[in-house]
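Report on the following structure.
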Amino acid sequence: MANKEEALLWSIALPGFGQYLNGKFFKDSILILLELVVNVQSNFNEIIILSFHGDIEKSIQHADYRWLMFYPCLYTFAMWDAWKDIGGGKDRHAFLPFVFAAYFVTLGCIYSSSVKLFGVLLGPIWLPMLCVIPGLALGTILRKISN
């Protein structure tokens, strides 16, 4: 059986892998299937490649935001669930950093086609990724305050 960190890190690699390590085979199959469907429908791999090549405008054009907006919640839920299944998150509000990361990444996704940081349009990959930081920070602060 995996440890908490291993399950969390495999879930970061692909939603469902942490559940697989935890022996939750039905749940892992559902999460992997959902990830594949959302990935394909949103053109996620294509927009990742375009973003890494610096073609932000093209990545925005290729993104299907109706599907892409499912990804942050699916992704962070899979991480939380794998971590919790193996004994992580014992305190009452341990979920808050995960939830706020999902909210902030979703907001980053929503505004990714128009928000510029320091005059740079970051698009549907880089802006949501940057939004993880304030989401985790706020969630961690609220978790500490509420416990």
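General remarks:
- Scanning region 18-45 for residues that are open to solvent by 20 Å² or more (accessible area, probe 1.4 Å) and assigned to a loop (DSSP other than H, G, I, E, B) yields Gly23, Lys24, Asn43.
- Residue match in region 3-11 (condition: among the charged types (D, E, K, R), assigned to a loop (DSSP other than H, G, I, E, B) and open to solvent by 20 Å² or more (accessible area, probe 1.4 Å)): no
The values are calculated or read from the model by the stated rules, or taken from the named source; none is laboratory data. On a predicted model such as this, the values are computed, not experimentally measured, just so you know. Surface accessibility is based on the protein's heavy atoms, side chains included, excluding ligands, DNA and RNA. Shrake-Rupley method; radii C 1.70, N 1.55, O 1.52, S 1.80 Å.
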